[in-house]
């Protein structure tokens, strides 16, 4: 089962290395990892997506909680939450097909962020399904490059600290 872990950490050098090291030492693959500073510049939030059964994830959470720089760890997989990813896709776009690509971009409520002589860079945000769908729709034109952020997620309702 896929789990989404929300981890609050002290915004200090080396924290990411220690957290990622904990997963690698135990042989778990991180599917997605996004880290960013919160509204408090002293705290960062990591959103980690990892596959594993409930028992394995429970152990990982306990190990994370033991790390000095970790403030809080929550498995938000089962909670009502909003999640998003960002993708940048560079696609072949000769002038004769640009109109068709622009229609696809509009359908997905994405945007064109760069125009090259024979290419476009498209930015799209959404859940995993939307990202897969726009990628599939643009593939016939020829994807030159693609880069995705990790998943970020937030529980609906009260702020994180009050849960």
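The values are calculated or read from the model by the stated rules, or taken from the named source; none is laboratory data. Because the structure is predicted, anything quoted here is derived from the model rather than measured. Positions of Cβ are generated from backbone atoms using ideal geometry, with glycine treated the same way; all protein chains shown enter the neighbour counts.
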Go through the stretch 133-159 residue by residue and tally those that are over 23 Å from residue 79 (Cβ atoms) and within 17 Å of the chain's Cα centre (by Cα). 6
Among the residues of the stretch 1-18, what is the count of those that are assigned to a loop (DSSP other than H, G, I, E, B) and either in the same structural domain as residue 128 (by TED's automatic domain parsing) or surrounded by fewer than 15 Cβ atoms within 10 Å (Cβ to Cβ) (or both)? 4
Hey, any hits in the stretch 89-103 for a residue that's in contact (Cβ under 8 Å) with a residue 40 or more places away in the chain, outside the structural domain of residue 42 (by TED's automatic domain parsing) and under 27 Å from residue 16 (Cβ atoms)? yes
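Per-residue answers, yes or no, for (1) surrounded by fewer than 17 Cβ atoms within 10 Å (Cβ to Cβ); (2) over 17 Å from the mean Cα position of the chain (by Cα); (3) within 17 Å of residue 67 (Cα to Cα):
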site: 20; (1), (2), (3): yes, no, yes
site: 25; (1), (2), (3): yes, yes, yes
site: 29; (1), (2), (3): yes, no, no
site: 39; (1), (2), (3): yes, yes, no
site: 44; (1), (2), (3): no, no, yes
site: 50; (1), (2), (3): no, no, no
Are any of the residues in the stretch 66-84 on the phi < 0 side of the Ramachandran plot and assigned to a helix (DSSP H, G or I)? yes
